[in-house]
Amino acid sequence: MFCPNCGTQLPDDAVFCINCGASVANTNISLQNHPIPPEPEESASVFIEEPTAFSAPAAAVIASKPSRKKMWIILICIAVVLLLAGGGTGLYFWMSSSTPTAESINPNQYNPDNFTLLLEAGDYQKAADMYLQTANGNTEREFELKDRMSDFLQEAVDGYWDGSMEYDAAETRFTTVEQVVENSLGMVSWAQFAGQRQEFEDADASKVAYDSGCNLMDSGNYAVAITEFSKVAAEDCNYQYAQEQLNSARTQYQDQMVSIAQGYIDSGDYISASATIEEGLAVLPESSELLTLQTTCQAGYISSVLAQADVAFVNPATDWEAAIDVLRPAMQQYPDDSQLQQRYNYYMEYQPVSIFDLEPYTHGDHTLSIYANMDDNMGNTYNTSFLTYVPSSSETYDIGAKYNRLQGTVALSRSCAGSRYLGYLRIYGDNKLLYEIEINGSFKPQAIDVDITGVTDLTIEIDASMYLYFLFSDVTLQKTVK
């Protein structure tokens, strides 16, 4: 018999349809209960004479009725169609009812496909239970389920790289596997999946850098955009566009920094120009335009500084230090520049030199003693002084005709105040007496300034006695003529 509802063929004694469940107890549509009646003989055809030109109008033609055999064939075709339709519906319902869900999966039954379904559904507890109850202790099964988890995570990593999976969906997968590991009672180690977690984090860092770079480009912050786009990994689906944006950012940043630096140069502010160029080269170290502008800026800056130093250097005796102060910032900026170094050395030639830093090349009958922090009869203290207790003590120095002035202070020693004895200080240049002063017990401190221009051998002589001795203090030599 056949089900009257869906057309499924059923046993003759069936009470319910095995496909749709409809009741068939009082139905009897079996072909055995309804045999096909024999086909009747076809009736004789009616002969109709063809009309002629001279005959009456043609009579109507009476068509013969369809045979019973053809009617049964039609009915059988309809039944087959209904049977197929009902069978398809049944197959659909059967297949639908046979597809497992997370709720229907039994974790006590080992099934790798079902294990993957549990992971996809986020049911980490059942997945952990299946591992513990059906795979734990079975090496082959353990490896298979661990590989399923690894494949499950790798799909997340690959999908996040190529843009087919969003961050939240990928992160959920990692969270699920982490929970499986946590609920596996130590039977599964996260170390196996740590590499995939790191790769996922690398992918996320690349995505974040890409988004940041795009936002920075929109705001015109090209320097930081360059840094961000440079972080986008080659595996990232955004990599190609990131490279295009990176090149654009480099071009725009270079043009921006060149324009700013050139403006500073045009206004004579070489310090700001140099700082701007260095800032640009820190981001684009191989920029030919910035490197060329740096050379131009350096040359202009040094020329400007040298000119300013010359303006400051009017009186060598007093202006040498001011000229050097002009040079110092440029020398800090460009310590290896030969022009700056030469000019610095030139100005330093005018710096006073302490004679106590020089070595005499010959002595008189007695040498001059050198003392620090000596006091005179007026209560003054001197850093360094010549002093002797014996008559006719002298030192001779080779100064190479490099200086124009000898300066210092002559003072009576504090302990000799009121002495009735006399002493003398004499200065010779190439054996010619250039200066002489007499000192007695009432002598007050006196600064001296002796012209030593052209002198090669400079001799200092102190003629005193053991009852009167004096100080020749803070003696300097200086070049004062350009």
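Laboratory data are not the source of any read-out in this text; all were calculated from the coordinates shown. Keep in mind the model is a prediction, meaning the values are calculated, not measured. Positions of Cβ are generated from backbone atoms using ideal geometry, with glycine treated the same way; all protein chains shown enter the neighbour counts.
The residues packed around A411, meaning those with a beta-carbon under 15 Å from its beta-carbon, carry a net charge of -2 if Lys and Arg are +1 and Asp and Glu are -1.
Centre-to-centre, using Cα atoms only, the range 335-374 and the range 260-289 are separated by 41 Å. Rounded to the nearest whole angstrom, the semi-axes of the ellipsoid equivalent to the range 286-364, taken from the Cα gyration tensor as √(5λ), stand at 35, 15, 8, largest first. With each label modelled as a point 7 angstrom along the Cα→C-beta vector, the S415-D357 pair spans 3.1 nm. Kindly state, to the nearest 0.05, the FRET efficiency for Q446 paired with Q339, given R0 = 45 Å and r defined as their beta-carbon distance. For R0 = 45 Å, the calculated efficiency reads 0.55. Here the Karplus relation 6.51 cos²θ - 1.76 cosθ + 1.60, evaluated at θ = phi - 60°, turns the backbone of the range 413-426 into coupling constants of 4, 4, 6, 10, 4, x, 5, 8, 8, 10, x, 9, 10, 10 Hz, with x for every Gly and Pro.
Across the range 398-412, coupling constants 3J(HN,Hα) worked out from phi with the 6.51/-1.76/1.60 Karplus curve, θ = phi - 60°, read 8, 9, x, 6, 9, 10, 10, 9, 10, 10, x, 10, 9, 8, 7 Hz, and Gly and Pro carry x. A simple spin-label model places the labels of S465 and E279 7.6 nm from each other, with each point 7 Å out along Cα-to-Cβ. Residues of the range 100-133 with an amide N closer than 13 Å to a point placed 7 Å from the Cα of Q179 along the Cα-to-Cβ direction: 118-129.
Considering only alpha-carbon pairs that sit under 8 angstrom and 6 or more positions apart, the relative contact order computed for the range 326-482 is 30 percent. Couplings for the range 200-211, taken from phi via the Karplus curve 6.51 cos²θ - 1.76 cosθ + 1.60 with θ = phi - 60°, read 5, 5, 5, 5, 5, 4, 5, 5, 4, 4, 4, 4 Hz in order; Gly and Pro are left as x. A Förster radius of 35 Å combined with the Cβ-Cβ distance from A312 to N383 puts the calculated FRET efficiency at roughly 0.80.
Among residues other than N111 with Cβ under 13 Å from its Cβ, the summed charge is 0 (Lys and Arg +1, Asp and Glu -1).
Extension gain, D325-C237: 0.36 nm per intervening residue step, less the Cα-Cα distance, totals 25.9 nm. What the Cβ-Cβ distance of N431 and S272 gives, at R0 = 60 Å and to the nearest 0.05, is a FRET efficiency of 0.55.
You can think of it this way: the chain between N247 and Q125 has 39.0 nm of extra reach, that is 0.36 nm per residue less the Cα-Cα gap.
Residue separation of A194 and E438 scaled by 0.36 nm, minus their Cα-Cα distance, works out to 78.4 nm of gained length. Percent relative contact order of the range 98-225, based on C-alpha pairs within less than 8 angstrom and at least six residues apart? About 22 percent, as a whole number. Between the amide H of F470 and those of T388, S413, distances stay under 5 Å, these residues lying 5 or more places away or on another chain, with hydrogens modeled in the peptide plane. Extending 7 Å from the Cα toward the beta-carbon at both D147 and A401 defines two label points whose distance is 9.8 nm. For the range 90-228, the equivalent ellipsoid built from the Cα gyration tensor has semi-axes of 37, 20, 10 Å, listed from largest to smallest.
Remark on K479: its backbone amide H falls under 5 Å from those of N404, a criterion applied only to residues 5 or more positions apart or on other chains, H modelled at 1.01 Å from N. Annotation: amide H of A14 has no partner in the under-5 Å range at sequence separation 5 or more or interchain, hydrogens built in the peptide plane.
Highest-first packing order for the peptide set 310-318, 379-387 is 379-387, 310-318, based on the mean count of other beta carbon atoms within 10 Å.
With contacts taken as Cα pairs under 8 Å at a separation of at least 6 residues, the range 353-440 carries a relative contact order of 25 percent. Of all aspartates and glutamates in the structure, those lying under 20 Å Cα to Cα from K146, and not within fewer than 8 positions of it along the same chain, are D113, E120, D123, D129, E155, D158, E171, E178, E182, E199. Looking only at the range 380-424, which residues have a backbone nitrogen under 16 Å from a spot 7 Å from the Cα of V481 in the C-beta direction? In the range 380-424, the label zone of V481 (backbone N under 16 Å from the point 7 Å along Cα→Cβ) covers 400-406. When peptides 409-415, 217-223, 241-247 are ranked by their average number of other Cβ atoms within 10 Å per residue, the highest-first order is 409-415, 241-247, 217-223.
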